[in-house]
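Peer 1: Before I ask anything, let me first share the structure, which is written out below as structure tokens.
The values are calculated or read from the model by the stated rules, or taken from the named source; none is laboratory data. Everything numeric in this text was worked out from a predicted model, so none of it was measured. Backbone-built Cβ (ideal geometry, glycine too); neighbour counts: all protein chains shown.
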Amino acid sequence: MELNDLARRSGEWLRGSGPEADIVISSRIRLARNLADYPFITQASEQDRTQIEDILRERILGIEASGEMLYVDVEELEGVDRQFLVERHLISREHAESQGARSVAIDCGERFSLMVNEEDHLRVQVIASGFDLGSVWQQVNRLDDLIEEKVTYAFHDRLGYLTACPTNVGTGMRVSVMLHLPALVITRQIEKVFRSLQKISLAVRGLYGEGSQAMGDFYQISNQITLGRSEQDLIQQIGDIVPVIIDYERQARDFLIKESHENLHDRVSRAYGILRTAQTISSEETMHLLSSVRMGVNLGLIPDLGIPAINQLFIHTQPAHLQKLSGVELDTADRNIERARYLRRHLNKENGGGPAEKN
């Protein structure tokens with residue numbers, strides 16, 4: 001498997017087949033770990049970083065993970081390839097924009113990625129379609145155990161796993177769920193929901209995590225603090241609150257169907273029409289319109305289009321994906337033209353089919 005192979009297909013988490021997948025795009029758990037014998041990345045020398053990368057590369061490639069694995073030297077990648085991995089949620093923006101020895105291991109189904117020399121020496125991430133924190137925890141815990149058999153992590157008997165950021169000390173765990181909440185945005189209830197989440201120490205972030213803006217009405221809900229909390233406590237906290245948010249979104253959608261059906265149908269139809277006919281379109285507008293179309297598909301207003309197709313379009317119309325798929329670097333104006341061409345080609349297929357899966 002090569003990096004270019006990823007551009008022509010979708011990861012498992014985009015298939016829209018998991019529990020509550022009409023609202024929950026994905027469930028993700030990330031673990032932050034550091035090697036005991038080396039300083040944190042902010043204090044590490046270039047020699048330290050290189051040695052850390054060498055050690056973890058050998059250990060990661062030696063674990064018995066399921067399926068094929070791609071190991072990528074992020075430092076050697078072109079800018080568009082780094083951005084491609086960010087858009088794919090396989091590395092963070094910080095990992096892409098950093099300097100020095102760093103890498104990522106990715107399994108062929110994109111169920112997990114292992115970032116080396118990000119903020120911590122190792123970030124272990126598992127992601128799955130829909131609301132499925134239980135299976136995600138089983139997978140990430142297994143990966144962590146396999147690696148810990150081969151290295152010694154920085155660990156304190158009282159504090160737990162030691163991490164570069166104090167808020168991650170303890171379990172080193174970040175539990176997050178990505179939700180699509182267009183009806184709460186339309187009915188102007190979203191800020192009330194966010195204020196309630198902040199009161200119970202949960203973070204709300206945009207599509208690409210910390211520091212990113214909400215695009216296409218996507219929001220990531222995650223824990224903020226790990227110290228003094230067990231892994232099960234953190235999973236339960238998110239596991240208890242997400243169904244409440246799902247219920248609020250469903251109620252808002254029901255309200256729009258019953259009380260504002262014509263306006264809702266018009267909103268969805270206009271969005272679908274623009275996406276199918278536009279000659280040039282920005283990434284931001286595409287996300288906004290696809291959000292309305294995705295809600296319309298889930299509400300039965302667009303019967304000939306599937307959620308996996310829409311999920312794929314959200315990712316494949318991002319700037320780096322467009323350039324990878326077209327095989328050439330494009331400036332903003334050319335990307336907008338290529339994006340419109342891509343949307344027309346995939347939304348106007350016979351029989352209403354969306355983007356075909358290419359595996």
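Peer 1: Can you find a residue in region 138-157 that is under 24 Å from residue 114 (Cβ atoms), touching a Ser or Thr at 6+ places or on another chain (Cβ under 9 Å) and touching a residue at least 40 places away in the same chain (Cβ under 8 Å)?
Peer 2: Yes, region 138-157 contains at least one residue that is under 24 Å from residue 114 (Cβ atoms), touching a Ser or Thr at 6+ places or on another chain (Cβ under 9 Å) and touching a residue at least 40 places away in the same chain (Cβ under 8 Å).
Peer 1: Let me ask something else. Can you tell me which residue is nearest to residue 320 (Cα to Cα) among those in region 252-291 that are among the polar types (S, T, N, Q) and in contact (Cβ under 8 Å) with a residue 24 or more places away in the chain?
Peer 2: Here is the first cut: in region 252-291, the residues among the polar types (S, T, N, Q) are 260, 263, 269, 277, 279-280, 282-283, 286, 291.
With in contact (Cβ under 8 Å) with a residue 24 or more places away in the chain added as a condition, the list becomes 269, 277, 279-280, 282-283, 286, 291.
On the way: 269: 28, 277: 22, 279: 19, 280: 17, 282: 13, 283: 11, 286: 15, 291: 20 Å.
Once the filter is applied, the top-ranked residue is 283.
Peer 1: Would you be able to say whether some residue in region 145-164 is within 28 Å of residue 16 (Cβ to Cβ) and not aromatic (Phe, Trp, Tyr)? Can you show your working first?
Peer 2: Quick first cut of region 145-164, residues within 28 Å of residue 16 (Cβ to Cβ) only: none.
Looking for residues that are within 28 Å of residue 16 (Cβ to Cβ) and not aromatic (Phe, Trp, Tyr), one finds none in region 145-164, hence no.
Peer 1: Starting from region 186-199, take each residue that is closer than 19 Å to residue 237 by Cα and list its partners that are assigned to a helix (DSSP H, G or I) and modelled with pLDDT of 90 or more, counting only C-beta distances under 8 angstrom and pairs at least six apart or across chains.
Peer 2: Correct list of pairs: 193/184; 193/245; 193/248; 197/241.
Peer 1: Would it be correct to say that residue 73 is more than 29 Å from residue 223 (Cβ to Cβ), of a type outside the set (Lys, Arg) and either modelled with pLDDT of 95 or more or not assigned by TED's automatic domain parsing to the domain that holds residue 306 (or both)? Break it down into steps so the answer makes sense when it comes.
Peer 2: Numbers: more than 29 Å from residue 223 (Cβ to Cβ): yes; of a type outside the set (Lys, Arg): yes; either modelled with pLDDT of 95 or more or not assigned by TED's automatic domain parsing to the domain that holds residue 306 (or both): yes.
Spelling it out, residue 73 is indeed more than 29 Å from residue 223 (Cβ to Cβ), of a type outside the set (Lys, Arg) and either modelled with pLDDT of 95 or more or not assigned by TED's automatic domain parsing to the domain that holds residue 306 (or both).
Peer 1: If we keep just the residues of region 335-359 that are out of contact with any Ser or Thr (no Cβ under 9 Å at 6 or more places or on another chain) and over 15 Å from residue 313 (Cβ atoms), which is modelled with the lowest pLDDT?
Peer 2: Among those residues, the one meeting the criterion is 350.
Peer 1: Can you tell me which condition residue 245 does not meet? The list is (1) out of contact with any Gly (no Cβ under 9 Å at 6 or more places or on another chain); (2) surrounded by fewer than 16 Cβ atoms within 10 Å (Cβ to Cβ); (3) touching a residue at least 24 places away in the same chain (Cβ under 8 Å), and all the others hold.
Peer 2: (2)
Peer 1: Still on this structure, I have one more. Among the listed residues 106, 127, which satisfies the condition of being more than 20 Å from residue 52 (Cα to Cα), surrounded by 24 or more Cβ atoms within 10 Å (Cβ to Cβ), aliphatic (A, V, I, L, M) and touching a Ser or Thr at 6+ places or on another chain (Cβ under 6 Å)?
Peer 2: Numbers: 106 fails: more than 20 Å from residue 52 (Cα to Cα).
Answer to the selection: 127.
Peer 1: Within region 282-323, track down each residue that is in contact with a helix residue (DSSP H, G or I) (Cβ under 7 Å, 6 or more places away or on another chain), of a type in the set (Gly, Ala, Ser) and under 18 Å from residue 183 (Cα atoms).
Peer 2: 291, 292, 296
Peer 1: Check region 321-343 and report whether any residue there is crowded, with 21+ Cβ neighbours inside 10 Å and assigned to a loop (DSSP other than H, G, I, E, B).
Peer 2: No, the conditions are met nowhere in region 321-343.
Peer 1: Okay, moving on. Is it the case that some residue within region 211-230 is out of contact with any Cys (no Cβ under 7 Å at 6 or more places or on another chain), at positive phi and surrounded by 14 or more Cβ atoms within 10 Å (Cβ to Cβ)?
Peer 2: The first filter runs over region 211-230 and keeps only residues out of contact with any Cys (no Cβ under 7 Å at 6 or more places or on another chain), leaving 211-230.
Checking the rest, the ones that are also at positive phi come to 211, 216-217, 228.
With the extra rule that they be surrounded by 14 or more Cβ atoms within 10 Å (Cβ to Cβ), the set shrinks to 216-217.
The answer is yes, given that some residue of region 211-230 is out of contact with any Cys (no Cβ under 7 Å at 6 or more places or on another chain), at positive phi and surrounded by 14 or more Cβ atoms within 10 Å (Cβ to Cβ).
Peer 1: From 91, 29, grab the single residue that is closer than 15 Å to residue 115 by Cβ, in contact with a Phe, Trp or Tyr (Cβ under 7 Å, 6 or more places away or on another chain), crowded, with 21+ Cβ neighbours inside 10 Å and modelled with pLDDT of 90 or more. Let's see the steps before the verdict.
Peer 2: On the way: 91 fails: in contact with a Phe, Trp or Tyr (Cβ under 7 Å, 6 or more places away or on another chain).
None of the other options fit; the residue is 29.
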